[in-house]
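The values are calculated or read from the model by the stated rules, or taken from the named source; none is laboratory data. Predicted model, so just to flag it, every value in this text is computed and none were measured. Cβ: placed from backbone, ideal geometry, glycine included. Neighbour counts: every protein chain shown.
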Amino acid sequence: MTTTQATTAAAGDTARPAVAFDQVTKHYGDVRAVDGLSLTLHPGETVALLGPNGAGKSTTLDLLLGLRPADTGTVRVFGTSPREAIVAGRVGAMLQSGGLMDEVTVGELVRLACALHPRPHPVSDVLARAGVAQIADRKVDKLSGGQAQRVRFALATAGDSDLIVLDEPTTGMDVTTRQAFWATMREQAEQGRTVLFATHYLEEADAVADRVLVLHRGRLLADGTAAEIKAKAGARRVSFDLEGAVDEATLRDLPFLTSLTVSHAGPAAAPGHHTVRIQSSDADATVHALYGLGLYPRNLEVAGLGLEQAFVAITAAEEAKQK
Ligand SMILES: Nc1ncnc2c1ncn2[C@@H]1O[C@H](COP(=O)(O)OP(=O)(O)OP(=O)(O)O)[C@@H](O)[C@H]1O
C-alpha cells in the first residue's frame, strides 16, 4: 500500500484531480464565506490563492483540509474525502496560526509529526530542510514569529505528501528565509507535488505560481496564469515626462484614463519638469489623445500592469459592479 502510494505520487497521479470543489458553499451565520465555489487543481500544479481580506481564502483551505464541513457541495481530495486523504498522508498543511503545542521542543514536535505520517521523511532531513535544525532543542513557545513559521513548514513537509497546503506561509519570515522557503517549495513542486498557497504577497504569486486563483466574496473572480490575470485586468501603465505648465484637469479628461498621478521632479530637476503616470484601459487611444492636445510627452513608456495592480483593478471593478 505504502509503495503504491509513493509510486503514484512520483508519477504525479495525473488521471485524477488533486482537488475538486463542486458548487461549495459555506456560511458563518449570515456571512457567506464561500459562495458556490467550483474549482479543480491538477497534480503537479503550484497554485496561488489570492483575494482581499475576508474573501474566503482561509475558509476554502479549511474546507479542503476537512477542518470545516461544507454547507452544500462537495470537496474531494485525490478522489476521496479530505479526511481520508489526510489519514492516508496525502496532504501536508501549514496554517496561519495555532497548531504548535507549547512545552515541547521543536525537535520533539517534528519527531511526532514524522511518527504520525504514514510516509515519513527522516526527522533530520525535515529539520534541515525547514532550517530549524539549530533550534531543535528550543521550546516551541519561545520561538520568534519567523521561526514558528519555519516549524509549521517542517510539520507540513514531515512526510511524502502529494498535496501541500499553505496559508500565508511567509508571513513574518525575513527576506533570506522567504527565499529559502520558496526554493524548497519549488523542489517539492518539481517532484510532482501539488502546492496550494494563500498569500497577500502578490510578487510571490507572480514568481512562484503557475496558476493564480483570485477569490472575491467567496467566489472565483479569475483563474489563470499570472500573465493571463494581468491581461484580464485590461489596463496598461503609461508614463512620460512633460516640460512646462501642466494642466492636470486636462490630463484627467484623457479618454480611457483610470488613474493619474503627476509628480514634480526633485529640486535638481529643471523647473516645470513633471513626471506623469497614467493607467488606461486603452493605452493607444489615451496616447493618441495626448498628442492631440498638442503636448509633447518625452520618455514615453507603455507597459502592462504588474500582478498587484491587476489584482487591485480586477477586485475594484467587481466591487464597483456589486454597488
Ligand atoms: N469562525 C468564523 N466565524 C464567523 N465568521 C467567520 C469565521 N471565519 C471567517 N469568517 C468570516 O468569513 C469571511 C471569510 O473569511 P476568511 O478568513 O475565509 O477570509 P480570508 O480571505 O482568509 O481573509 P484574510 O485575508 O483576512 O485572512 C469573512 O467575512 C470572515 O469575517
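A few remarks follow.
- Boolean, T194 is farther than 30 Å from Q322 by Cα, surrounded by 21 or more Cβ atoms within 10 Å (Cβ to Cβ), within 16 Å of the ligand (Cβ to nearest atom) and over 10 Å from the mean Cα position of the chain (by Cα): no
- If you filter the stretch 29-44 down to residues that are part of a strand (DSSP E or B) and out of contact with any Lys or Arg (no Cβ under 9 Å at 6 or more places or on another chain), you find that the one that is nearest to the ligand (Cβ to nearest atom) is V31.
- Only one of the numbered conditions (1) more than 20 Å from T171 (Cα to Cα); (2) buried (at least 18 other Cβ atoms within 10 Å of the Cβ) is not met by L155, and that is (1).
- The one condition from (1) within 16 Å of the ligand (Cβ to nearest atom); (2) exposed (fewer than 13 other Cβ atoms within 10 Å of the Cβ) that T250 does not meet is (1).
- Some residue of the stretch 115-133 being assigned by the TED database to the domain that holds L67, surrounded by 19 or more Cβ atoms within 10 Å (Cβ to Cβ), among the aliphatic types (A, V, I, L, M) and not in a helix (DSSP H, G or I): yes
- Extreme residue, surrounded by the fewest Cβ atoms within 10 Å (Cβ to Cβ), among residues of the stretch 136-152 that are farther than 27 Å from P118 by Cβ and of a type outside the set (D, E, K, R): G145
- Subset of the stretch 56-84 (residues that are touching a Gly at 6+ places or on another chain (Cβ under 7 Å) and within 22 Å of A222 (Cα to Cα)): G56, K57
- Pair list, Cβ < 6 Å and 6+ apart or interchain, from the stretch 211-234 residues that are assigned by the TED database to the domain that holds E45 to residues that are within 13 Å of the ligand (Cβ to nearest atom) and β-branched (V, I, T): H216/T315; G218/V34; L221/V214; A222/V214
- Top-ranked residue in the stretch 51-93 [being within 16 Å of the ligand (Cβ to nearest atom) and of a type in the set (D, E, K, R); ranked as surrounded by the most Cβ atoms within 10 Å (Cβ to Cβ)]: K57
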